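Visitor: Pasting a structure here, questions to come.
Derivation of every value follows stated rules applied to the coordinates shown; laboratory data play no part. What you see is a predicted model, and the numbers here were worked out from it, not measured in a lab. Quick reminder, even Gly has a Cβ in these numbers, built from the backbone with ideal geometry, and neighbours come from all protein chains shown.
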Amino acid sequence: MKASRLLSQLEHMGIDTIAGVPDSTLKQFCDGVQTYQGKMSHYVTANEGAAVGAAIGSYLATGRPACVYMQNSGIGNAVNPLASLANGDVYGIPMLFIVGWRGEPGVKDEPQHVFQGKITCQLFETLAVAYSVIDSDTTDEQMDDVLRKAEETLSQGEQFAIIVKKGTFEKEEPFSWANGNPMVREEVLGQILQSLPRDTVIVSTTGKISRELYEQSDAIYGGHENIFMTVGGMGHASMIALGIAEKRPDKKIVCIDGDGAALMHMGALPFIASRAPKNFYHIVINNMAHESVGAMPTGCQQASFAGIAAAAGYRRANTLESPEAVGQIGSLVKTEEGPVLLEIPVSLGARSDLGRPKESARENKEHFMAFLENRS
Ligand SMILES: Cc1ncc(C[n+]2csc(CCOP(=O)(O)OP(=O)(O)O)c2C)c(N)n1
């Protein structure tokens, strides 16, 4: 199936707004949205609930339903505005969801996708959202039927979801761009690890940042028990780090975040500043993109995380633009009190042979907790 065909069909249905958070299963669709020549407005939103919000606003202003795309991991973020605002028992606001299905039962996937994948269809049933599942065998005629069903549902003020299996969309014109930053994320992460004292507690964000830290830590130290990888729950790494920091004032806690993840639940920043944990250091690796799932821009490229953190009340907030500055992180953590935020601009891209954690998530949790208790 071609994303370009689907997008022009959506436009014919009267959909003139598409909003969402990118997903690897929908990579070709997301590329198609970026390169689409039609008239639809497109927003990459900070989280999936915000996309539902934009869809509601667009409908209120035009009477035309909007389209919201997401990975199934993001359903949770969308549930609140969907159930308590868009649902037919409240305002009855139609919208079309396009949802990438990670963790489809019977298809091997990472631990963070297994349960979410199992309950994806059930969640839409519970939310009273009619849906169809499509895959690489879905023909254009079958897709036309799905869209007819969707259109009818939307016309009744209800929502409809198209759940998309892996490999559904064909490769078309790829979307590519560069952000102009010279430093490479994996090298920066290796440098950070080398600069920090070995007993630093690290909480890392969702996606390739955690995978690269895992590999770099194994290569440099032969282990990674001091790193808690926030493999799911995107955007919550900093609050996890805060939770640890408050209970363990004797340890230095470093959260290694992504820009997309930091945007997703940005309320954490003023909250962390208000708690003022002296042992908390927040590093935001900023490539202006959701690189892990196909490098779509976040849509907030203008944002300065150091500026936001300073305004939120962090004790110190800086941008580190050179490897020399990155190499100083360890001494800063040793000598300065937090909360500190360090923003590091990096380029796009990652190694194609980047691995994934070899242990189970539970094993990693146990090793991390043992490390925190000084048992390892
Ligand atoms: C709630 C939720 N929405 C979407 C995803 C899919 N996802 C995984 S990693 C990622 C991008 C993370 O971007 P960023 O934090 O900027 O880090 P980068 O990949 O650029 O290093 C996305 C969108 C997810 N895991 N959870």
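Visitor: On full extension of the chain, what length is gained from S360 through Q328, given 0.36 nm per residue of separation minus the C-alpha to C-alpha distance?
Guide: The span from S360 to Q328 would gain 8.2 nm if fully extended.
Visitor: Calculated FRET efficiency, E173 and Q194, Cβ-Cβ r, R0 51 Å, to nearest 0.05?
Guide: That gives a FRET efficiency of 0.80.
Visitor: Could you give the C-alpha radius of gyration of region 199-333 expressed as a fraction of 2.2 N^0.38 Å, taking N as the number of residues it contains?
Guide: Against the compact-globule rule of thumb, the ratio is 1.00.
Visitor: Taking amide H positions as placed 1.01 Å from N in the peptide plane, with prolines and chain starts having none, which residues 5 or more places from I98, or on another chain, fall under 5 Å of its amide H?
Guide: V68, Y69, M70, I162
Visitor: For region 189-199, just list the computed ³J(HN,Hα) in residue order, Karplus coefficients 6.51, -1.76 and 1.60, θ = phi - 60°, integers in Hz, with x standing in for Gly and Pro.
Guide: Calculated HN-Hα couplings, in order: 5, x, 5, 4, 4, 5, 7, 6, x, 4, 8 Hz.
Visitor: Same structure, new question: Take the Cα of K247, step 7 Å along the line toward its Cβ, and report every residue of region 343-376 whose backbone nitrogen sits under 12 Å from that point.
Guide: Taking a point 7 Å out along Cα→Cβ of K247, the residues of region 343-376 whose backbone N falls under 12 Å are 369-370, 372-373.
Visitor: From the convex hull of the Cα coordinates of the chain, what is the mean projected area in square nanometres?
Guide: 18.4
Visitor: What ³J(HN,Hα) values, in whole Hz, does the Karplus curve 6.51 cos²θ - 1.76 cosθ + 1.60 give for region 230-243 when θ = phi - 60°, with x put for Gly and Pro?
Guide: Per residue, the Karplus-derived 3J(HN,Hα) values read 7, 5, x, x, 3, x, 9, 4, 5, 6, 5, 4, 5, x Hz.
Visitor: Could I ask something else about it? Taking a cut-off of 13 Å between Cα atoms, list the aspartates and glutamates near K251, but don't count ones fewer than 8 places away on the same chain.
Guide: D199, E337, E373
Visitor: I've got another one for you. What ³J(HN,Hα) values, in whole Hz, does the Karplus curve 6.51 cos²θ - 1.76 cosθ + 1.60 give for region 305-315 when θ = phi - 60°, with x put for Gly and Pro?
Guide: Here the 3J(HN,Hα) series is 5, 5, x, 5, 5, 4, 5, 6, x, 4, 5 Hz.
Visitor: OK, next. Which of the trypsin sites (Lys or Arg not before Pro) found in region 100-134 are in a DSSP loop and have at most 11 neighbouring Cβ atoms, other than their own, within 10 Å?
Guide: K108
Visitor: Provide Rg over Rh for region 33-127; use the alpha carbon set for both Rg and the Kirkwood Rh (inverse mean inverse pair distance).
Guide: Reported Rg/Rh (Cα atoms, Kirkwood Rh): 1.00.
Visitor: Still on this structure, I have one more. Here are some pairs, K252/K365; K39/K208; K171/K358; K208/K247; which of them have Cα atoms lying more than 22 Å apart in this structure?
Guide: In this structure, K39/K208; K171/K358; K208/K247 exceed 22 Å between Cα atoms.
Visitor: Residues in region 1-32, backbone N under 13 Å from the label point at K39 (7 Å along the Cα-to-beta-carbon vector): list them, ranges by number please.
Guide: Residues 11-17 fall inside that zone.
Visitor: As an exercise, find the ratio Rg/Rh for region 280-376 from alpha-carbon atoms, using the Kirkwood inverse-distance average for Rh.
Guide: Reported Rg/Rh, Kirkwood definition of Rh: 1.03.
Visitor: Next up: Note down the nm distance, to one decimal, between modelled labels 7 Å out along Cα→Cβ at T335 and at H12.
Guide: Reported label-point gap for T335 and H12 is 6.7 nm.
Visitor: Right, here's the next one. For an R0 of 51 angstrom, estimate the FRET efficiency from the Cβ-Cβ distance between E152 and Q302 and round to the nearest 0.05.
Guide: The calculated FRET efficiency here is 0.80.
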